[in-house]
1. For residue A:290 and residue A:54 in one chain, what is 0.36 nm times their gap in residues minus the Cα-Cα distance, to one decimal in nm?
2. For the stretch B:66-146, calculate the relative contact order in percent as a whole number, restricting contacts to Cα pairs under 8 Å that are 6 or more residues apart.
3. HN-Hα J couplings of the stretch A:170-185 from phi, Karplus 6.51/-1.76/1.60, θ = phi - 60°, integer Hz, Gly and Pro as x?
4. Amide H neighbours of residue B:159 under 5 Å, at least 5 residues apart or on other chains, H built in the peptide plane: list them.
5. Find the relative contact order for the stretch A:2-310 and round it to a whole percent, using C-alpha pairs within less than 8 Å whose residues are 6+ positions apart.
6. Among B:136, B:146, B:80, whose Cα sits farthest toward the positive end of the charge dipole of the stretch B:8-198 (+1 at Cβ of Lys/Arg, -1 at Cβ of Asp/Glu, about the Cα centre)?
7. With the other protein chains left in place, how much accessible area per residue, in square angstrom, belongs to chain A at a 1.4 angstrom probe?
8. Which of rounded, prolate or oblate describes the stretch B:8-198 when judged by the alpha-carbon gyration tensor and an a/c cut-off of 1.5?
Amino acid sequence: MASESKSSSLKSLNIFGDYLIMLVFPCALSVWYYGMPAVRTLAVTVVTGFICDFFGSILVYKKFYAADLSSFCASIMIALMMPAGIPAYIPVLAAAFSVTVIKIPFGGGMQAPFVPAAAGFAFVAVCFKDEVFTYLPGREYMGGVSLGSTLMHGGAMRMNGSNILDILTGNIAGPMGTGCIIVFAACMIYLLVRRREALLATAGFLGACIIFALVFPRSNGSRLAGMIMELSSGSLMFASVFLLTDYSALPAYRRDKLAYGIFCGIICMAMRKLGAFEEPVCFAVLLANAFSPLLDILTKRIMDFIAPRKQRREVSSVE
Amino acid sequence: MSENSRGYMLRGALLNNPVLFQCVGLCSIIAGTATLKDSLFIAVLLAADLIITCVIASALLKKIPRYVRIAIYLMIGIAVIYPVLHYIEEKTLIEITLGMRIIIPLIAVNSVTAVHCETFAVKNSVKSAFLDALAAAVGTGAVAVICGIIREVIGKGTVGGYELNMKFTMSTMSMPFGCLVLLGFLAAFIKAGVRFSQRNPGSRSEEDGPDRPEEISLDIGSDDEPEAVEMIIADYDDIDNILSSTDEFLKSLTGYPGDVNGGDGE
């Protein structure tokens, strides 16, 4: 049993090592944009995650493996979804919640039924809504008003070369490490090489979000500009790369991964349109985690329903 | 307190705690313990209901068919709760909130009473039933009060209505979700304490030893087992009794052999 847990730890190291490599770039950008507040937020969150993991493992009489990077990754993800100037106790609480309530009771980062980072962020978003969604101004563009806030109030913006570059590089008000679209595109390429299967959920998620944004626009400008704003606002792209592809909650089969992503995208965009939170993607991920077994059954039934019809068609065409 | 009584109390209040380990009576605890005052109401009313119903069940209801007994528990609960509530209101002049006025009648139909009456009180003497009910009431009440204090302090920054001037509060703790998380942590701490005392037998006092009931030991698993959330029910015979009684009840109602085990009875 000990060897099994060791091999599980090595598997965890392999998977979360990839995520850690991808997380380096958003971290570097957040430090570049926001300086010391970003460093402080990252540091306290990571240290809290580590301490909670260490002492939590002792409390449940489980051997602590430093190589299990799941709590480390979850802590960094939580920090990147926070605004840079947030009081330190909020990311500390989020990291402590994700590790002690989600990760440790269910036996580790690979067994958790919910994505720990999403749960931690959702917890503090409910408790400290004002602090979590109040952003420091970006370096140049739009002051302290985030794209999510603009969309929430039905605002629009005219796209030109300058502001599109700002949006693509994350140089706007928002969570400190989730704005740079170029970095997430690079992360997707990395995932395409290393873990291709996981990207099915991302594809489903982004596809559902794009269609929803085009059909039900929130901005009063053009639909295309509104769709670009939707994709660039908040933590949507970040979630599509890091939260949706989290192995603990990702379904096993390809069709289920796609259904999981689509379901999450629809819920996320519906919550954006109708809900009270500026960035509800973490709640959507948690809901998709909860509905994941049901989605598996549903997709299987749909496939079972479609397959005999295909067979009948093939038989009739042969006849 | 005799050794036997102490064994009942230890088992019923701590190791077989109805809320934490048998997972009964969760509704009233989760819904009604957002503040210390509300949790005290819940604790007192639950204790009155549980003790009086169990004593009456043990003294008078042994010969009555099971399906009639259940209705009688409900009637006793209603008959007990409202006089006690009015007495508390008149004597203490405490105003009960609207939310609590919705939750309090539901205490009459709580599962703690039904489980303790059916699995223990109707099969044992009045004294044993009283001790068992008292232990369960103490355990449930303690959990309610602890939850009430912690939820009020963390969720509202007050305790008993007095402001604590905390730097921040977490409104999540006032929600049912916060109570569920708190109950999980309380159960985990008790489990860790029991595990610690079993690993260090020297730390256990000798006076607990001889008359300690057999069923108070918790199944805590071995070190090599994968860590997972497990519902701990110390006395498995209780569950068997409930299942067999439900089986009999279904038979008497429908005429068909009820199968609550979901299989061939194995």
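The values are calculated or read from the model by the stated rules, or taken from the named source; none is laboratory data. As the structure is a prediction and not an experimental result, all values here were calculated from the model. Note: ideal-geometry Cβ built from the backbone for every residue, glycine included; neighbour counts use all protein chains shown. Surface areas here come from the heavy atoms of the whole protein model, side chains and all, with no ligands, DNA or RNA. Shrake-Rupley method; radii C 1.70, N 1.55, O 1.52, S 1.80 Å.
1. 82.2 nm
2. After rounding, I find 30 percent.
3. With coefficients 6.51, -1.76 and 1.60, one gets x, 8, 9, 5, x, x, 5, x, 10, x, 7, 5, 4, 4, 5, 5 Hz.
4. Hits under the 5 Å cutoff: B:164.
5. Over the stretch A:2-310, the number comes to 18 percent.
6. B:136
7. On a per-residue basis, 44 Å².
8. Since a/c reaches 1.5 but b/c is at least a/b, the shape of the stretch B:8-198 is classed as oblate.
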